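Student: Here it is, the structure, as structure tokens.
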Amino acid sequence: MSVIDNQTSVKSSLGCGLFGCAGGLLLGLGGGGLLLVLAALIIAASSPVPTPVVVATSDLRLTVRENFLNKFIQTPTEDQTRVDILPGHQFRLTVDTTVSMLGISMPLQLTGLFELQLNNQAVEIHLLETKISDATLPPELTNSLNDTLPDINQELNKAVKDMAAILGAPLTFVDLGSDETSFWLEAREAP
């Protein structure tokens, strides 16, 4: 065999090898992509069709502002009480009072952080944290203060039901929210 035949045979086998590798690579990528598309189509075809989310719209929005609450909760005693509405359905209730110990009157500030929640068709107030002056009470004491909240929640929901009775239409609550100065409760007429 001659040197020229050897060189041609080496060149052609290198060319065929490179062409074969490139072709195999392209065929593998194309085939893998095709299999991926087919798998996605099979999964999409066998999955249930998602139901569209129906956003409940409101017919009525009751808004309570911070300054109204502050006027409403003032008691005839000497204690100064303030409500500070916070975003995220929360509010802070602060009571400035004095405590007499051993004949000495000491100023004391009680602060409670509360959250307003919509639980099915009831509005509920939950106590999150309690402070006396700047000291945070342990969770055990905070939980013991929760005992009065069911009565408050009952009165709150009675007032909301009375409002629905005045309107003469049953209401379904759809949203509850707050910003820095107000709470709102949205409802629509029940079907």
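Here, each number is a calculation from the coordinates, and none is a lab measurement. The shown structure was predicted, so the numbers you read here are calculated from the model rather than taken from an experiment. Cβ coordinates were reconstructed from backbone atoms using ideal geometry, including for glycine residues, and neighbour counts include every protein chain displayed.
Student: Treating only the Cα positions of the range 61-106 as identical point scatterers, give the base-10 log of I(q)/I(0) from the Debye formula at each q in 0.17, 0.27, 0.29, 0.32 Å⁻¹.
Tutor: -0.60, -1.01, -1.08, -1.18
Student: Can you tell me the FRET efficiency between R82 and R61 if r is taken as the Cβ-Cβ distance and R0 is 22 Å, rounded to the nearest 0.05?
Tutor: It comes out at approximately 0.30.
Student: Using a simple spin-label model with points 7 Å from Cα along the Cα→Cβ vector, what separation in nm is obtained for L128 and D175?
Tutor: 2.0 nm
Student: Taking 0.36 nm per residue of sequence separation and subtracting the Cα-Cα distance, how much length would be gained by fully extending the chain between S100 and R188, in nm to one decimal?
Tutor: Length gained between S100 and R188: 26.6 nm.
Student: Taking only C-alpha pairs under 8 Å that are 6+ residues apart, what is the relative contact order of the range 60-189 in percent? Intermediate values should be presented prior to the final figure.
Tutor: Numbers: 222 pairs, mean separation 35.0, N = 130.
That works out to 27 percent.
Student: Quick one: grab Rg to one decimal and Dmax as a whole number for the range 149-191, Cα atoms only, in Å.
Tutor: Every Cα atom of the range 149-191 included, Rg and Dmax give 11.7, 33 Å.
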